[in-house]
Every structure is written in structure tokens, then in C-alpha cells.
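A.B. asks: After the C-alpha cells below, expect a handful of questions from me.
Derivation of every value follows stated rules applied to the coordinates shown; laboratory data play no part. None of the values given here were measured: they were computed from a predicted structure. In this analysis, Cβ positions are derived from the backbone assuming ideal geometry, glycine residues included, and neighbour counts consider all displayed protein chains.
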Amino acid sequence: MPENIDKKNGEIVVIEDNLAIRNLYKDLLKGIFAEAPNCPEISTHGDGKKGFEAIEKTLKDNFALVITDFNLPGMNGEEILNGIKKLKSKNPVRTICCSALPENIDLINSNNLANKTFYKPFNFKEFINYVISAYEELKKEHIAKEAKRKRPNLKTLLLDNSNN
């Protein structure tokens, strides 16, 4: 199970219009992170537009792992994934797109819109392993970026020392 996951940093955003599948994702994710010191926030959305709004809000302050269906009301998976790329967030994000239709997966893969795609129904072990790996990568990237932001700028240090 993932270690050193900080609840204050990061969120898993699930966008799936089928309530049963949405609940399955939520239960699966809670199970994955149950042994982590702090479970990441998990938000679920049945509408693409509302899910994208949640992503925008999360990426202002945190990193995000996004799991989205392709066919959604409000905004489809392609629009969501293109929208994430256009955000150019300072915070890292990883995306997973799931679909039962090969043409949707082909579209996502051929345009490099998601970090990973899964055909529904997917292999749970492969999905779980990818989620853990992606989340741990996000956490490390976030920590590195935060450390870099907090590190004093060399030019500023030199200017400060020249005034003394």
C-alpha cells in the first residue's frame, strides 16, 4: 500500500455517470488507500462539467489523479482531458480514461490525451497497480515542486548578501 500519502496534498477525482460504477471506483479507491497514513481526498461526479469544475478547483492548490469515463453528460471525456491540458496547472496531474468502446480508447491514445486508458470491464489488479504507481509519482513530483518553490532564488540570495 502507498506510504507517506498526505491528506492535505492531492485529490482523486472520479467522473463516471453510472452510479454503480462510480460507487465501485470510490470503494476500490478507499480500499487501495485504507492502509495509507492519510487517505487522499476522493471526489466523485456523475456529470462531466461538474467533474471538470472539481478538477479546476483542485489543481489551484493541489495535485490530482483524474479517473474519467469517456461518454458523459455535460462534457465528454475528450473535452475533459483537453481541458486539463489547457489549464497548464503548476500542480501535477495524471489522467486515466476508461471506456467500453475501442474507438473511444483509440481516440484518447492516438491524441495522447490521457496518461493511461482502460477498457471496461478492466483488470482490477492492473488498475489498482496503476493507480498506486500514478499517485505515488504525483506525490513525489508535488513534494519536489514544493521544495523548489520554497528554495530561495540564487539571484535573490546574492543580492541580499551584497547589501550586507
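A.B. asks: Around residue 81, with a cut-off of 12 angstrom between Cβ atoms, what is the net charge of the other residues, counting Lys and Arg +1 and Asp and Glu -1?
C.D. replies: Here the charged neighbours net out to +1.
A.B. asks: Taking only the alpha-carbon atoms of the chain, what semi-axes of the equivalent ellipsoid follow from 5 times the gyration tensor eigenvalues under a square root, in whole Å, largest first?
C.D. replies: 32, 19, 14
A.B. asks: Quote the FRET efficiency, to the nearest 0.05, computed for residue 128 versus residue 23 with a Förster distance R0 of 25 Å and r equal to the Cβ-Cβ distance.
C.D. replies: Once rounded, the FRET efficiency stands at 0.90.
A.B. asks: Here is a further query. Give, as a single signed number, the net charge of other residues whose beta carbon lies under 12 Å from the beta carbon of residue 115, with Lys and Arg counted +1 and Asp and Glu -1.
C.D. replies: So the surrounding residues net to +2.
A.B. asks: Checking understanding here: applying a Kyte-Doolittle mean of at least -0.5 and a length along the axis of at least 18 Å (C-alpha), which whole DSSP H helices in the chain pass?
C.D. replies: Membrane-span-like by this criterion, though nothing is claimed about a membrane: 19-32.
A.B. asks: While we're looking at this one, here's another question. Roughly how many debye, to the nearest 20, is the charge dipole of the chain about its Cα centre, given +1 on each Lys and Arg Cβ, -1 on each Asp and Glu Cβ, and no other charges?
C.D. replies: Rounded to the nearest 20 debye, it is 740 debye.
A.B. asks: Pairs to check: 125/148; 120/145; 26/85. Give those whose C-alpha atoms are more than 30 Å from each other in this structure.
C.D. replies: Checking Cα-Cα distances, 125/148; 120/145 exceed 30 Å.
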